[in-house]
Structure formats: structure tokens, C-alpha cells
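The values are calculated or read from the model by the stated rules, or taken from the named source; none is laboratory data. Keep in mind it's a predicted model, so treat the numbers as computed, not measured. In this analysis, Cβ positions are derived from the backbone assuming ideal geometry, glycine residues included, and neighbour counts consider all displayed protein chains.
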Amino acid sequence: MKKVFGRPKSLKKAVFHYCPGCGHSIIHRITCEVIDELGIQEKVIGVPPPGCSVFAYYYFDVDMVESAHGRGAAVATGIKRAYPESIVFTYQGDGDLSAIGTTETLHAANRGENITAIFINNAVYGMTGGQMAPTTLLGMQTTTSPYGRDDRIEGHPIKMSEILAQVKGTCYIERVAVNSPANIRKAKKAIKKAFQCQIDGLGYSLVEILSPCPTNWKKSSIEAFTWIDDVMAKEFPLGIIKDTTGKRDAD
Amino acid sequence: MTGNAAVGEAAIRAGCQCYFGYPITPQNELTEYMAANLGRRPGCTFIQAESELAAINMVYGASVAGARAMTSSSSPGISLKQEGISYLAACQLPAVIVNMSRGGPGLGSIAASQSDYHQATHGGGHGDYRTIVFGPSSVQELADLTYRAFEMSDKYLIPAIILGDGMLGQMMEPVEFKYEAPHKPPVRAGALRGAKGRPSRFVRTFTSEPAELEELNWSLFRRYQLLQKEEVLWESYLTEDAKLVVTAFGIGARIAKGAIKNARAFGMKVGLFRPITLFPFPNDQLSELAKKTSHFLDFELNMGQMIDDVKLSLGGTAEVSFYGRPGGVIPTATELLRVISRVYSQNGLG
């Protein structure tokens, strides 16, 4: 009998600690599938952040080093410069990449650091209990925007992918979602392309992933998945934001 | 050669492969030296980072990947680096951090000061940790202790800090370097270089198990005890017959030596005890001196920071006077001599 589906080699045999309906486990899995398909497991060094995915090293069967909050791009820069043969990726949330780590991210991108960022956008701070993130939508209630995010007080949702697309050092930026089988397939394809950019030495690549957080959104899993299409993707449109690889159709 | 350049050259010869820095006076000559002399070497990296935070975290990444890595700054910038230093300590990663310190608090002044002694010797960032701290007092010693900082940091897996100051960094003196060619240290065991031919591994600073974190703290603490036993450096100068011993470090000790020479010319029996490692502090060596000397004068370019360690070492067995000037004011040897004379006569040592 032909085996058609199995656990990726790069994914450890461990039970995820994530909440039901959380996007992290899906993203971990498809990233590991990509690592396997590209045959880079032995070269990969991952940089997970503080936050819900702080224990990513319990799941990814690759070398990993935990970064301080927001410093992933700087840590990845150090690794890649010290050991250019490695394939380095950061795994960062919206608070990490678009609040406390904006500077590190923007400048690593601007230097064209040959690294890949997996950017999880779930519009809240997850592990700390659902506080407002820079990506929280207008009107959205969180524990620190209990009356709904008001642009006059809290500003607008920030679009880091569009900002990063402006700097010359980035070669590929795409926004995807993991709320349906079709979207998950697209997300995997984007992650694969981002790693391929690094393998080809093209510079900074980033995949922003709209990821459900039913617990902090106070929604059922199904409601959360639907909300991504109905609300979140309206503010954060899916698709390729920048691609200078010159082989957009190669995949 | 300036002290700053001497640190750069010594670091390159010690096998430093990665330097990450951010401009701040009075240490810019070091950053510039690395830009000119390290950045284009094969296998080496120089980055002018976007911030001190970024620089220390790049050091963290390079160290994780097994490279000898360093950064440098001056007081306000070193405060920014404390986050990364705490993480380096937690992950037991080697790194060398140079602080050509200046007057504080706040943006302070760009003049030489020793106001960061407490920060340097008591960890500096959050958490229960220490770093290895060197307090050089000449350009030659800056160079020598730079090699040593890399070696000790690698050996004990504890970040090492070179606590200089603006004057030491910018003064010019002749210097001899130990290594002719860049030393090529082997890739550190435990470095992350991809899980090829071995199981994957991770380096982390967070655990949900307090008992696990307690064990890490114990492991660090045992290494600090070992440092105290094995790696203490100090200098005793004219202490054999001294009735008054001046305790001073770094550039302060340099000024003190001049004052002591003059005091001797006036017939006062004064000596100098100079800790070279500020952590581990030479406790036993200093308390040994108290068997022969009943009075000490602690002299620092601050309002009294090392004096805590001096008093702890002496354990109440001797009198300790203090003279200090904060904020970047550098007293001359003549001013210090006046203080020495006063302390000497007021305590009936003459």
C-alpha cells in the first residue's frame, strides 16, 4: 500500500500544547513539510520567540535558539553572518515583529539579510492573555482595548508586510491565511518559496500568516476561521505583496 | 595606538570573527577599527547595528552559531545591552562586551568615569547572574585582557566585560600583541550549526519548571565560585611596608600610582592594591593585606561603588576612608596626594 500522508520528518513526535483551533500547530506542520521537501533539515536553525510558540523547539526537529521578545531578526542576523551555510528562519508574532521588534525587523530586511521570517498575525497578544496588538482591528475588543480599538486613541492596525515591501533588501513578501484547506495549501507554497529565496541567496523573505486565535478572540474555532475571511482579510488582504525573484510562476 | 584600537586589534588576533556595534562616544575608534580591519576578512563580519539592542542580540546569534563575537559601547549604550547580556548569561554563551564608560546617570557626559562599576560587577540586567569583569589600567593591559576575556568567556561559558573608560579608550600608548596571526579557535562544542549527523538541539532561556531554572542558577553559581578560586587577578604595589593602602581600579589606579610615588617621596608609607578582575573580586588577597595594614583609602571616579567590595573583603578588620569624584571629573595625582596626606596624618600613621 502506498503511504500518502504522514508526520513530517522535521516535526517531533510530541503533542502540541496549543489551544483547539489555534493556527500555530498548522503552521508548524506545513513549515516542517517544507523543510523536508527542500531537504534542509540538517542546515536549518530556527529562532522562535517568547509567546505561545516559545516551546516551538519541542515540535521542530531542527536546531533552535530562543530569542528575546522582538529580537529575532537580530539573532538570526548573527547566526547567518557567523555561519552562512545555515538556513535561518525566525518565527515571530505580531507583537514581536510589528511592535517591540519593528526596528530589528526593518533593518535586517533593509540590509537584505538572507533569512526568512514566518510572521504570525492573529491580531492579539496571545500568551499574555489577549491584549491589543499593533495589528488589532479597529473596533476590536481586547483586554487592553475593552471599549474596542479606537484609531484616535490607539492608532490603526499596522501593516508591516506592506512597510517591509518598501525596502530594497526584501525579495519576497506574501500574506496568506491558514483558515481553510485551500488557504493552508497556499500558505505552504508561500513558505516554500520564502525558504527557496534564502537558498538562492536573494535576501530577506517574509510570509505573513493570518492565524486564528479562538481563545482570545472569544470565538468558536469555526467562527474564528470564518472571521479571518469576513473581517481580518479585509484589513490585511491576502496575496503576494512583493516578489522580485523574477520567477513568480516557477512554482 | 589608542586604547580603543588596541582592543580591536587584540580581539582580531584573539580570533574574534564577528563584531556588532553602534556609535557612541568615547568608544567610536573601536567600532571604526573593526569596520576597517575585521569586516572584510574572510569568514568575518562587521555590522553597524541599528541599535545597541540589535547589536547585543546579533552577538547572541553569532555566539549561538559558535563564533567568537563581541560588541562595544559606552555607559548609556551598555544599559541598553543589558537585556542581551542577561540572555547570554542564561544561555551560557560566551561573548565579549567592552564598556568604555563615561559619566552618568542619564546621557551624562562623555568624560571618563567609573560610574558603571556596580552595573558591571552585579550582573547589570535582570536575573541572578554575574559576568566576568576586567578593569584594565593601561593600553597594554587593555590588549592583554581582551585576549583573556575571549579565553575566559569561552572556558566558563559566561559573558566577559571589559570595563574601561573614556580616557583609557582614547589615550595612546605603545602596545605589544601576543598573537601574530589571528588565532583560529575551534568551533565551540554545543554550537548550533544544523542537526547534521546528530540529534537536533535547542538553546533556550525560558522554562516552565522553576526547579530546572534553580538548577541553572546553581550551575552558574558554582562557576562563579570556581572563578573566585582560579581566575582572580590583582596587583599589589609598594604594599609590603605600607601603613596606608589605596584601593583603586582602572584609570583611577593609574592616577593613584602617581600620587603614591609622590607620597613615598615625602616619606609616607603608602601602597596600592588594584583589583584587575572586578568580578571575581580579589577578596582573599585584599583581606590578607589587612593583617599588616590597618588603614585603607578607597579611590574611585564615582561616589563609592567598589568600596562595598573593599569593605566586604576587609570585614571590619581595618579602617576604610574614601575619596571619589563622579560625573566625569578626573582628579589629578596632586589632588589625590593631598587626600592621602590628610588621611595619613589624621589617622596618626606618620
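Looking at segment B:1-49, which of its residues are part of a loop (DSSP other than H, G, I, E, B), among the aliphatic types (A, V, I, L, M) and under 24 Å from A:Thr105 (Cα atoms)? Step through it out loud before you land on a result.
Within segment B:1-49, the subset part of a loop (DSSP other than H, G, I, E, B) is B:1, B:14-17, B:22-27, B:38-44, B:49.
Keeping just the survivors that are among the aliphatic types (A, V, I, L, M) gives B:1, B:14, B:24, B:38, B:49.
Residues satisfying the conditions are B:Ile24, B:Ala49.
For segment B:33-71, how many residues meet the condition of being out of contact with any Pro (no Cβ under 9 Å at 6 or more places or on another chain) and either free of Cβ contacts under 8 Å to residues at least 24 places away in the same chain or of a type in the set (D, E, K, R) (or both)?
Final tally of qualifying residues: 7.
Considering only residues that are over 15 Å from the mean Cα position of the chain (by Cα) and among the aliphatic types (A, V, I, L, M), which ones fall in segment A:52-74?
A:Val62, A:Met64, A:Val65, A:Ala68, A:Ala74, listed by residue number.
Does any residue in segment B:224-237 that is more than 30 Å from B:Ile260 (Cα to Cα) come within less than 9 Å, Cβ to Cβ, of a residue that is modelled with pLDDT of 95 or more and part of a loop (DSSP other than H, G, I, E, B) six or more places away or on a different chain, and which pairs are these?
B:Tyr224/B:Tyr129; B:Tyr224/B:Arg130; B:Tyr224/B:Ile158; B:Tyr224/B:Pro280; B:Gln225/B:Pro280; B:Leu227/B:Arg130; B:Leu227/B:Ile158; B:Leu227/B:Pro280
Any idea which residue in segment B:166-216 is nearest to the other protein chains (Cβ to nearest Cβ), counting only those that are outside any loop (DSSP other than H, G, I, E, B) and exposed (fewer than 14 other Cβ atoms within 10 Å of the Cβ)? Don't jump to the end; show me each part of the working.
Step one: list which residues in segment B:166-216 are outside any loop (DSSP other than H, G, I, E, B), which gives B:166-170, B:172, B:202-203, B:210-216.
Among the residues that remain, those that are also exposed (fewer than 14 other Cβ atoms within 10 Å of the Cβ) are: B:172, B:210-212, B:214-215.
Values: B:Met172: 32, B:Pro210: 16, B:Ala211: 17, B:Glu212: 13, B:Glu214: 19, B:Glu215: 18 Å.
Within segment B:166-216, the match that is nearest to the other protein chains (Cβ to nearest Cβ) is B:Glu212.
On the basis of being modelled with pLDDT of 95 or more and within 11 Å of chain B (Cβ to nearest Cβ), does A:Ile115 make the cut? Working first, answer last.
Details: modelled with pLDDT of 95 or more: yes; within 11 Å of chain B (Cβ to nearest Cβ): yes.
Against the criterion (modelled with pLDDT of 95 or more and within 11 Å of chain B (Cβ to nearest Cβ)), A:Ile115 qualifies.
Please determine, by comparing only the residues of segment A:1-28 that are β-branched (Val, Ile, Thr) and more than 18 Å from the chain's Cα centre (by Cα), which one is surrounded by the most Cβ atoms within 10 Å (Cβ to Cβ).
Residues of segment A:1-28 that are β-branched (Val, Ile, Thr), as a first pass: A:4, A:15, A:26-27.
From what's left, more than 18 Å from the chain's Cα centre (by Cα): A:4, A:15.
On the way: A:Val4: 5, A:Val15: 8.
Filtering segment A:1-28 for residues that are β-branched (Val, Ile, Thr) and more than 18 Å from the chain's Cα centre (by Cα), the one surrounded by the most Cβ atoms within 10 Å (Cβ to Cβ) comes out as A:Val15.
Are there helices (runs of 4 or more DSSP H) fully within segment A:166-251 with at least 3 residues that are polar (S, T, N, Q) and surrounded by fewer than 23 Cβ atoms within 10 Å (Cβ to Cβ)? List them.
Working: elements: A:181-199, A:214-217, A:221-227.
Answer list for segment A:166-251: none.
Limited to segment A:29-51, what total is found for residues that are assigned to a helix (DSSP H, G or I), surrounded by fewer than 24 Cβ atoms within 10 Å (Cβ to Cβ) and either touching a strand residue (DSSP E or B) at 6+ places or on another chain (Cβ under 9 Å) or on the phi > 0 side of the Ramachandran plot (or both)?
5
Among the numbered criteria (1) on the phi > 0 side of the Ramachandran plot; (2) in a strand (DSSP E or B), which one does A:Met64 miss?
(1)
Pick out, from segment B:238-286, the strands (runs of 3 or more DSSP E) lying fully within it that include 1 or more residues that are farther than 13 Å from B:Phe296 by Cβ and of a type in the set (S, T, N, Q).
B:277-279
Do you know which residues across segment B:296-319 are in a strand (DSSP E or B) and surrounded by fewer than 19 Cβ atoms within 10 Å (Cβ to Cβ)? Let's see the steps before the verdict.
Step one: list which residues in segment B:296-319 are in a strand (DSSP E or B), which gives B:296-300, B:319.
The one that is in a strand (DSSP E or B) and surrounded by fewer than 19 Cβ atoms within 10 Å (Cβ to Cβ): B:Glu319.
Quick one: count up the residues across segment B:50-81 that are within 11 Å of chain A (Cβ to nearest Cβ), over 21 Å from A:Glu85 (Cα atoms) and part of a helix (DSSP H, G or I).
So the count comes out to 5.
Between residues in segment B:132-150 that are touching a residue at least 40 places away in the same chain (Cβ under 8 Å) and residues that are surrounded by fewer than 24 Cβ atoms within 10 Å (Cβ to Cβ) and hydroxyl-bearing (Ser, Thr, Tyr), which pairs lie under 8 Å by C-beta distance while being six or more apart or on different chains?
Close Cβ pairs (under 8 Å, with a partner that is surrounded by fewer than 24 Cβ atoms within 10 Å (Cβ to Cβ) and hydroxyl-bearing (Ser, Thr, Tyr)) amount to B:Ile132/B:Tyr156; B:Ile132/B:Thr277; B:Val133/B:Thr277; B:Phe134/B:Thr277; B:Gly135/B:Thr277; B:Val139/B:Thr2; B:Tyr147/B:Tyr179.
In segment A:60-74, which residues are surrounded by fewer than 24 Cβ atoms within 10 Å (Cβ to Cβ) and in contact (Cβ under 8 Å) with a residue 40 or more places away in the chain?
If the condition is that a residue be surrounded by fewer than 24 Cβ atoms within 10 Å (Cβ to Cβ) and in contact (Cβ under 8 Å) with a residue 40 or more places away in the chain, then A:Asp61 is the only one that fits.
Against the condition in the same structural domain as B:Leu216 (by TED's automatic domain parsing) and surrounded by fewer than 24 Cβ atoms within 10 Å (Cβ to Cβ), how does B:Ser74 come out, does it pass?
On the way: in the same structural domain as B:Leu216 (by TED's automatic domain parsing): yes; surrounded by fewer than 24 Cβ atoms within 10 Å (Cβ to Cβ): no.
So B:Ser74 fails the test.
Right, B:Gln48: surrounded by fewer than 24 Cβ atoms within 10 Å (Cβ to Cβ), farther than 30 Å from B:Arg201 by Cβ and touching a strand residue (DSSP E or B) at 6+ places or on another chain (Cβ under 8 Å) or not?
Details: surrounded by fewer than 24 Cβ atoms within 10 Å (Cβ to Cβ): yes; farther than 30 Å from B:Arg201 by Cβ: yes; touching a strand residue (DSSP E or B) at 6+ places or on another chain (Cβ under 8 Å): yes.
Spelling it out, B:Gln48 is indeed surrounded by fewer than 24 Cβ atoms within 10 Å (Cβ to Cβ), farther than 30 Å from B:Arg201 by Cβ and touching a strand residue (DSSP E or B) at 6+ places or on another chain (Cβ under 8 Å).
Could you pull out the residue among A:Thr77, A:Thr103, A:Thr90 that is within 24 Å of B:Lys81 (Cβ to Cβ), surrounded by fewer than 24 Cβ atoms within 10 Å (Cβ to Cβ) and either under 10 Å from the mean Cα position of the chain (by Cα) or within 8 Å of chain B (Cβ to nearest Cβ) (or both)?
Details: A:Thr77 fails: surrounded by fewer than 24 Cβ atoms within 10 Å (Cβ to Cβ); A:Thr90 fails: surrounded by fewer than 24 Cβ atoms within 10 Å (Cβ to Cβ).
Criteria check complete, one pass: A:Thr103.
Identify all residues within segment A:52-69 that are under 29 Å from A:Gln131 (Cα atoms) and touching a strand residue (DSSP E or B) at 6+ places or on another chain (Cβ under 8 Å); write none if there are none.
Quick first cut of segment A:52-69, residues under 29 Å from A:Gln131 (Cα atoms) only: A:52-60, A:64-69.
Residues satisfying the conditions are A:Cys52, A:Ser53, A:Ala56, A:Tyr57, A:Tyr59, A:Phe60, A:Met64, A:Val65, A:Glu66, A:Ser67.
Any idea which of B:Leu278, B:Leu220, B:Leu238, B:Leu233 is away from chain A (no Cβ under 14 Å), crowded, with 21+ Cβ neighbours inside 10 Å and not β-branched (Val, Ile, Thr)?
Numbers: B:Leu220 fails: crowded, with 21+ Cβ neighbours inside 10 Å; B:Leu238 fails: crowded, with 21+ Cβ neighbours inside 10 Å; B:Leu233 fails: crowded, with 21+ Cβ neighbours inside 10 Å.
Sole residue among the options that is away from chain A (no Cβ under 14 Å), crowded, with 21+ Cβ neighbours inside 10 Å and not β-branched (Val, Ile, Thr): B:Leu278.
So, in segment A:120-137, exactly how many residues are away from chain B (no Cβ under 14 Å), touching a residue at least 40 places away in the same chain (Cβ under 8 Å) and surrounded by fewer than 24 Cβ atoms within 10 Å (Cβ to Cβ)?
Result for segment A:120-137: 4.
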